[in-house]
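Engineer: What follows is a single structure, and I will ask about it in a moment.
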Amino acid sequence: MDIERIEDGGDLLAIVVREGASTEGVKFFTPGDSPIQLGVLMHPGGSAVKPHLHRPRARTINRTQEVLHLQYGKVEVDVYNRDRKLVRTCTLHAGDTILLSLGGHALRVLEESKILEIKQGPYMADEKEYI
């Protein structure tokens, strides 16, 4: 399976899910208490997910996590730890997804790219702190 965990000192900083990654059935790669759950759901043709909704629940979110899905192009992502030290640089290609869980990050666009970004809201303009 093409799943890469980027860790530092016991901290999960990022998870990279490469294009073509597959599992048996439903497999989540994040801990159950993660503010964003990231997984791959493999369903055979003809299967169905029953209609459902998610009940409202009060949640406390104390950090922002981001998911970047590269639809096309090529980018490099620098992943930093809590101490603002570079831990790893990884290259994303079309179809790759990265969850930026903890620490910091930077992005360099190597080719024209289209990136789908998902993170918790609401957005707060003063939330960013540059490394």
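The values are calculated or read from the model by the stated rules, or taken from the named source; none is laboratory data. Everything numeric here is computed off the predicted structure, so don't read it as measured data. Glycine also receives a Cβ, built like all others from the backbone with ideal geometry; neighbour counts cover every protein chain displayed. For the accessible areas, the whole protein counts, side chains as well, though only heavy atoms, and no ligand, DNA or RNA atoms are used. Shrake-Rupley method; radii C 1.70, N 1.55, O 1.52, S 1.80 Å.
Engineer: Using R₀ = 22 Å, calculate the FRET efficiency as 1/(1 + (r/R₀)^6) where r is the Cβ-Cβ separation of TYR72 and LYS128; round to 0.05.
Structural biologist: Efficiency at R0 = 22 Å is approximately 0.25.
Engineer: Using the alpha carbon gyration tensor of the chain, what are the three equivalent-ellipsoid semi-axes (square root of 5 times each eigenvalue), largest first, in whole Å?
Structural biologist: Gyration-tensor ellipsoid for the chain: 25, 20, 15 Å.
Engineer: Using only Cα atoms, what is the ratio of the radius of gyration of the stretch 23-79 to 2.2 N^0.38 Å?
Structural biologist: The reported ratio for this selection is 1.51.
Engineer: Right, here's the next one. Carbon and sulfur: what percent of the chain's accessible surface (1.4 Å probe)?
Structural biologist: Carbon and sulfur together cover 50 percent of it.
Engineer: Residue farthest toward the positive end of the dipole of the chain, with Cβ of Lys/Arg at +1 and Asp/Glu at -1: which of LEU116, TYR72, ALA58?
Structural biologist: Going by the charge dipole, the pick is ALA58.
Engineer: Right, here's the next one. Taking only protein heavy atoms and a 1.4 Å probe, what accessible area per residue, in Å², does the chain have with all protein chains in place?
Structural biologist: 69 Å²
Engineer: Under 16 Å between alpha carbons, and skipping anything fewer than 8 positions from LYS119 in its own chain: which lysines qualify?
Structural biologist: The reachable lysines, counting only those whose Cα sits under 16 Å from LYS119, are LYS128.
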